[in-house]
Amino acid sequence: MTTYSNLTELALSHATSPLQAWENAKQTLAERDIGTPISRAKGCPKAAFVGLAKHGYVRGFVKPSDRPLRENARHALCAYRLYLADPALLGRKPAWWQAVAAERGISRKGQNGVLDVMAALIQHDAFLATSETTPN
C-alpha cells in the first residue's frame, strides 16, 4: 500500500469536509510514522481526492461543488473510465498512467499519486460513478 492509498483510506473514515479529512489522514500517518513529510504533503493526490470528494464522487462526501474540477481530479476521472474498459489496469499502474497521459495529453512521466488515490477509492468501493464517468 502506498502513502497515497493510505491517505485516501484514512480520509474516507473522517466525517468532515474533504480537505479536513485529508489533513486528518495526514496527521494520522505522521503519528504512525508512515511515509515521509514530503510524501504526505504532495499536492497531486490531495488535489485528486479533495476535488473528487467536493464534487460528489466519493462516498461519504455529499455536498457537491459547483466549481469546475481541477486537473488532477480530471485525470482521476479519466483513469476511472479507462479502468472500467480494462480492469486489469488496476494492477498495472505504469500502463494505466500511460493510457491516462495519452488520452489527456499529459507530458509528465509520473502519475504523482493520482492513480493511488483512484485505486484506493475503487478498492474500497468509495468511488461514486456517474453518467459522466461511465462509458455509453
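Coordinate-derived values only; no laboratory data. Quick caveat: nothing in here was measured; it's all calculated off a predicted structure. All Cβ positions, glycine included, derive from the backbone under ideal geometry; neighbour counts span all protein chains shown.
The trypsin sites (Lys or Arg not before Pro) found in the stretch 65-126 that occupy coil by DSSP, while having at most 15 further C-beta atoms within 10 Å, are R70, R92, R108, K109.
Going from the fewest other Cβ atoms within 10 Å to the most, the residues Y80, Y57, Y4 appear in the order Y80, Y57, Y4.
Approximating the spin labels as points 7 Å out from Cα along Cα→Cβ, the L19-to-D125 distance works out to 3.2 nm. Taking Cα centre as origin and charging only the Cβ of basic (Lys, Arg, +1) and acidic (Asp, Glu, -1) residues, the dipole magnitude of the chain rounds to 320 debye. Ignoring aspartates and glutamates fewer than eight residues from K93 along the same chain, the ones with Cα atoms less than 17 angstrom from its Cα are E103, D116. Going by a ≥ b ≥ c, the root eigenvalues of the Cα gyration tensor, does the stretch 14-74 fall in the rounded group (a/c under 1.5), the prolate group (a/b larger than b/c) or the oblate group? Note, shape of the stretch 14-74 comes out oblate.
For the chain, what is the calculated [θ] at 222 nm in deg cm²/dmol (nearest 500), taking -39500 (n - 2.57) for each run of four or more DSSP H residues and dividing by its residue count?
Working: 7 runs with 77 residues, N = 136.
One gets -17000 deg cm²/dmol as the mean residue ellipticity at 222 nm.
Length gain on complete extension for the stretch D66 to T36, per 0.36 nm per residue less the alpha carbon to alpha carbon distance? Mind showing how you got there, number by number?
On the way: separation 30, 0.36 × 30 = 10.80 nm, distance 3.37 nm.
Residue separation times 0.36 nm, minus the Cα-Cα distance, leaves 7.4 nm.
Annotation: the residues H55, H14, sorted from fewest to most other C-beta atoms within 10 Å of their own C-beta, follow the order H14, H55.
Given the alternatives (i) -0.23, -0.75, -0.96; (ii) -0.42, -0.93, -1.00; (iii) -0.37, -0.88, -1.05, log10 I(q)/I(0) by the Debye sum over Cα atoms at q = 0.09, 0.16, 0.18 Å⁻¹ as computed for this entry is given by (i).
For the pair I106 and K93, label points projected 7 Å from Cα toward Cβ lie 1.2 nm apart.
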